Amino acid sequence: MDTIIFIHGAWVTPYCWRYFMPWFAEQGYRLLAPAWPLKDRAICVQEEQPDPPLAKIGIPEILAHYKRIIRSQGQPPILIGHSFGGLIVQLLLDQGYGGGGIAICSVPPRGVWALDATSWKSLQLLWTVFGAPTRWPGILAPPEQETDEVAMLRAQGIELRLVPESRRIFRQLLRRAAAVDFRNPTRAPLLLVGCGADRAIPIDVQRRNWERYRKSRAVTDFALFPSLTHMAIAESGHEALAAHCLAWIEDRWGARINPRPTPRPAQTRAAHSN
């Protein structure tokens, strides 16, 4: 049985995958959604009592955590990551871990300009994350959610629970810890998914991320979902995204099981394949 490992992003826990994962379970995949280091406590406990050692967690610690899990599998698993988890997927694949990966609304690796100059929210997020250098150590409180996004999710019956996060992971985005070899010819297949209504990681950033891989002989695909937001894995429309991811896995992975046919949704478009 083929295994898929789901990797969540910053400020969240594996709870964020609860709407997305069932689509893959129904197709016969074995699913794992391990929490980042120090993120496996109950959400209410993390909200009320941030664990002080969390401040020491950085990208290398997160990578080491998932490498141990991947090495424990019988064969290289498929990796699916969202937001900061998408960056973790890119880093793991570049370092030879995983048989293929999907990065949804991914934070880009070092070397990709990660801000949309026209987005005031991007600049606000930058200051929230970095602020003055004297504030870099420590733990970040969850970002305040925009009223319209909260209302949209609630209207769909979706609850988004955010928890405190290590500031260290964001500081390391500017360092070697977040770097990949964009020309790596031996990297396993990668699908980058961009969402047109994403305010956190604008679609132009997603495209720049994909374009950096275009000179590699490794397979790098790009798919655009114009109407989905940064929380594409949970909001209405995640069904089409899941169907596309399943179809891509079947195309690129060559799974040994025979899932039910899942036609590619019309609103999803594969922009390019290297």
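Being surrounded by fewer than 22 Cβ atoms within 10 Å (Cβ to Cβ), touching a helix residue (DSSP H, G or I) at 6+ places or on another chain (Cβ under 7 Å) and not aliphatic (A, V, I, L, M) narrows it down to one of R208, R168, R183, so name that one.
After applying the criteria, what remains is R168.
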Condition set β-branched (V, I, T) and in a loop (DSSP other than H, G, I, E, B), scope the stretch 130-183, selection modelled with the lowest pLDDT: answer is I158
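Just to confirm my filter: which helices (runs of 4 or more DSSP H) fall fully inside the stretch 1-120 and include at least 1 residues that are free of Cβ contacts under 8 Å to residues at least 12 places away in the same chain and either under 28 Å from R252 (Cβ atoms) or in contact with a Gly (Cβ under 9 Å, 6 or more places away or on another chain) (or both)?
Ranges flagged: 22-25, 59-71.
The values are calculated or read from the model by the stated rules, or taken from the named source; none is laboratory data. None of these values were measured; they are calculated from a predicted model. For neighbour counting, all protein chains shown are included, and Cβ atoms are generated from backbone atoms with ideal geometry for every residue, glycine included.
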